[in-house]
């Protein structure tokens, strides 16, 4: 039943799009791939019929955050700290916050931040802060304020 409704919705939207079936399907496939790569909240559970009926491909597209490159920067700058073996939803949430609120969407910010963290003995001694702790928005002020206090 679900496939029939999705197919009917596809045909209705295909006609409205004034495209041929192949190019319309490619448009949808590319949009779906982008939203999945961007880890758009709830998109992986969205029913195909709902996606088609609500014309969700016309929604604003989420930004793709370079999580892999951020993790590479962490490993490069803090090679003795706890390695990242999996990028949990919580870690993605923290990295997304920093990417949009602190890093101004610049990968170089993470290089500088992790290099700074590497220079802080209290983050690399017996504690050896991991990626999740370092990127937790609640810990960011602790990291920067502790450094200012140490420099005073």
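The values are calculated or read from the model by the stated rules, or taken from the named source; none is laboratory data. Just so you know, these numbers come straight off a predicted model, no measurement behind them. Note: ideal-geometry Cβ built from the backbone for every residue, glycine included; neighbour counts use all protein chains shown.
Of note:
- Only one entry of 129, 118, 103 meets the criterion of being over 16 Å from residue 38 (Cα atoms) and part of a helix (DSSP H, G or I), and that entry is 118.
- Within the stretch 39-68, the residues that satisfy the criterion of being surrounded by 12 or more Cβ atoms within 10 Å (Cβ to Cβ) and not in a loop (DSSP other than H, G, I, E, B) are 43, 48, 49, 50, 51, 52, 53, 56, 57, 67.
- Here the condition is being modelled with pLDDT of 90 or more and surrounded by 13 or more Cβ atoms within 10 Å (Cβ to Cβ); of 106, 132, it holds for 132 alone.
- Positions within the stretch 73-84 being assigned to a helix (DSSP H, G or I) and either surrounded by fewer than 18 Cβ atoms within 10 Å (Cβ to Cβ) or touching a strand residue (DSSP E or B) at 6+ places or on another chain (Cβ under 8 Å) (or both), in sequence order: 75, 76
- Options 87, 36: the member that is in a helix (DSSP H, G or I) and at negative phi: 36
- Answer from 114, 10, 94, 24 - the residue that is surrounded by 14 or more Cβ atoms within 10 Å (Cβ to Cβ), touching a residue at least 40 places away in the same chain (Cβ under 8 Å) and over 18 Å from residue 135 (Cβ atoms): 10
- The single condition among (1) modelled with pLDDT of 95 or more; (2) touching a helix residue (DSSP H, G or I) at 6+ places or on another chain (Cβ under 7 Å) that residue 75 does not meet is (2).
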